[in-house]
Structure formats: structure tokens, C-alpha cells
Amino acid sequence: MARKKQEVAKVEEKLKKATISDFDVIIEPLITEKSMSASQEHNKFTFVVKKDANKTQIKNAIHKIYNVNVTAVNLVNVPAKATTRGSRYKGTISGFKKAIVTIKEGETINLFAD
């Protein structure tokens, strides 16, 4: 009986830790001219990710979502920018975090699937 209580306590302790699911880590693929050329030439794909995501979470999420082997993950924090539209309207473009993911040679991610 005491052993079961210890096992239940261990499971409850693991469940208390807040985890981000794989689909919450990756927000969207970042599709630009530069990222598309990198994906074709160097097997690197760019994604917008949550600001509090780390490299390990991103690697696991890409592996589970797209079923590819990730060899490297590079992170870039893009800062917010102040903008002016005309002479009256001032605002900001919010910053974001992007991940440049390198996958194993010979594998690919289809970003434009139907």
C-alpha cells in the first residue's frame, strides 16, 4: 500500500510541471524569399515559435509534427520596431522569436500541403 502511494506521488509531481504541447511551440512557418532559398539549398526551414520555447522543445515538436530528423536548431529573437504611417499614426510592430531548423540530408518538409 505504501509503495502505491509513493508511485502515485511521483506521477502527481510529474504532472504538476507545466509543459507546452508540440502544437503550441510552433506558431507558423515563416515563408520569405530568403527562407525558401535556404530550404532548397541548405535543407533549413524557418518557423515562428513561442518566445519561451527552447531548442529541445522545438526539435521535439518538429520531429513529431513533420516526422523528420532534426540535426540543428538556431534561434533568433527579432526585436519590436517603431513605425510611422504618414505623419500622424505611430505604432509598433511586435517582436517575435524565430527558429531556423536544419533537417537531415535527403528529408524534406512540405509547407504547402493541400
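Details
- Projected label distance in nm at Ala38 and Ala80, using a 7 Å step from Cα toward the beta-carbon: 2.4 nm
- A Cα-only calculation for the chain places Rg and Dmax at 19.5, 74 Å.
- Cα point-scatterer Debye curve for region 33-89, base-10 log of I(q)/I(0) at q = 0.26, 0.27 Å⁻¹: -1.18, -1.23
- Principal-axis analysis of the Cα atoms of the chain puts helix 33-42 at an angle of about 60° to the longest axis.
- When the helices of the chain are scored as -39500 (n - 2.57) per DSSP H run of n ≥ 4 and the total is divided over every residue, the value at 222 nm lands at -10500 deg cm²/dmol.
No value in this document is a laboratory result; all are computed from the given coordinates. None of the values given here were measured: they were computed from a predicted structure. All Cβ positions, glycine included, derive from the backbone under ideal geometry; neighbour counts span all protein chains shown.
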